[in-house]
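Single-structure report; data block below.
Derivation of every value follows stated rules applied to the coordinates shown; laboratory data play no part. No experiment lies behind these values; they were computed from the predicted model shown. In this analysis, Cβ positions are derived from the backbone assuming ideal geometry, glycine residues included, and neighbour counts consider all displayed protein chains.
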Amino acid sequence: MSDTSKTPEKKGQGIGHEIYPMRIVGYLVLCAELWLTMYQKPTSTHTIYIFWIAYFFFYPHIIFQIYRYFHSHNNIERTWLILDLFWIGIVIVMIDFSLMPTMALIVYSTATCIGIGGIPMWLKGIAALGISLLLMWLFWGSFELTQESNVWSDVIGFVYMFLGFNAYNFAYYRRSITYKNIRIKIEKQTIEIAEQKEEIEQQHEKLEDQNKLLEESIKRAEFIQKAILRPESEIQKELKIPIFIFLEPHSKVSGDFYWCGEVNEKKIIIAADCTGHGIPGAMISMIGYDILNQIINLHQITQADKILSQLDEEISKVFHQYETNKEDANHDGMDISICIYDPKNDILEYGGAKQGLIYIQDNVLQEIKPNKVEIGGGFKYKKIFESHQIALKGKDTMIYLSSDGYQDQFGGKENKKFMRARLKKLFLQLNSLPLSEQKKHLGQAFYDWKANRSQTDDVLIMGFRLNSNTNFG
């Protein structure tokens, strides 16, 4: 996060920018000292000292205060300082090591070096000063300017060095401003990126929390649905017929559901496919399950066509599908197949809404088409549901009920739907096997077909066997 307590630097602001005019003043003082030392009479010595006293109290101490205020450690400004000391060392030799300027320069170098770099920087400055003195001694051969013929060349060299060093410093100063602006821009962008990263991390944590809560809700819904939809073993114990249930939800919880029970000595087996899948489909399935409980267990209705009609009416009421003409009216509903077996008369009654029945006798497959209207769905006209009766005549009969999820699954080499024709062929191949084996083979065939593709819809297949030798107890 950005620190709002600090005042942002203005363009061009910095130590070099602030002390550059005073550095020029200092150089002018040195020029005056050089001129007075070389060309004035000895009586002007007091004037020299006045200049150097002003230099001593004005230039180094203000620089010291500025450096202390800004606390800068900019490498460019350190380079300027070393160049200053190198240049001033030359001037010291040229003005014959006058005591006052020497003291002033020592104070200057101490203040500025410690202000920006501490003792290590001060040692570097002293080293630069010593190198300049050594070079001047080697160049002139002594520490005294005794030859009058060299005075003008010394003055010209002084002016040249003055202009050259200041031009060099000015170029570095301008470039340091550019670098500084770039650095400020990068730092600003870095801060913005850090803030955006922090915001993204917060959003990520929030999404993780929401996702965790959603997963927990789905797990809870899955537990509730499994508790309501009874297991195979419990259903077989009640109905006393062999049965398998292959239910594969699309998203943990399923919009496909089944209902099984015995009322008035009739065994009722129902498979249903509600609109949608996941949580919405599961909610509709639980509503449908509860309504079937009321119709069959409470009202004792055991005729397939009457169950379909009553279920359609109740679903339409629950979703207020008769009360609105708006385009956004609810159109939820379900496809369903109902089997009612009367063991006394060995008759199987079937009624379906957009979900057919397949049964196999003597290895011959028969299919009964359903009514072409669904349960619910928001239709305004009166629906008529028909039922069919099948006399089993004591024959071994295998019955299959299924939603459209299995046959609509994409897969295979060409990524096509499994299709109902292939499913019927599979039923023919498996019908003579024990029901546990049939369930196993149906599951394996489905997973092999789907492979690594996503599941298209909820899948429900129910199979049960009826024959005259079945012990109904």
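Descriptive notes on the structure:
- Taking other Cβ atoms within 10 Å as a rough exposure proxy, 237, 439 sort from fewest to most as 237, 439.
- J(HN,Hα) series, region 287-298, from Karplus relation 6.51 cos²θ - 1.76 cosθ + 1.60, nearest Hz, glycine and proline x: 5, x, 4, 5, 5, 4, 4, 5, 5, 8, 6, 7
- Computed over region 229-466, Kirkwood Rh from alpha-carbon pairs, angstrom: 18.2
- Cross-link table 252/440; 354/393; 383/416, entries beyond 24 Å C-alpha to C-alpha: 354/393; 383/416
- Rounded to the nearest 0.05, the FRET efficiency derived from the C-beta distance between residue 306 and residue 181 at R0 = 60 Å is 0.10.
- Set of lysines with alpha-carbon distance to residue 206 below 21 Å, sequence-local pairs under 8 removed: 197, 219
- For region 409-425, putting each phi into the Karplus relation 6.51 cos²θ - 1.76 cosθ + 1.60 with θ = phi - 60° gives couplings of 6, 7, x, x, 5, 9, 6, 10, 5, 5, 6, 6, 4, 5, 5, 5, 4 Hz, in residue order, rounded to whole numbers and with x for Gly and Pro.
- Exposure proxy order (Cβ contacts within 10 Å, fewest to most) of 334, 286: 286, 334
- Exposure proxy order (Cβ contacts within 10 Å, fewest to most) of 254, 432: 432, 254
- Our coupling estimate for region 384-392, obtained by passing each phi through the Karplus curve with A = 6.51, B = -1.76, C = 1.60 and θ = phi - 60°, is 10, 10, 10, 10, 10, 10, 10, 7, 6 Hz, Gly and Pro reported as x.
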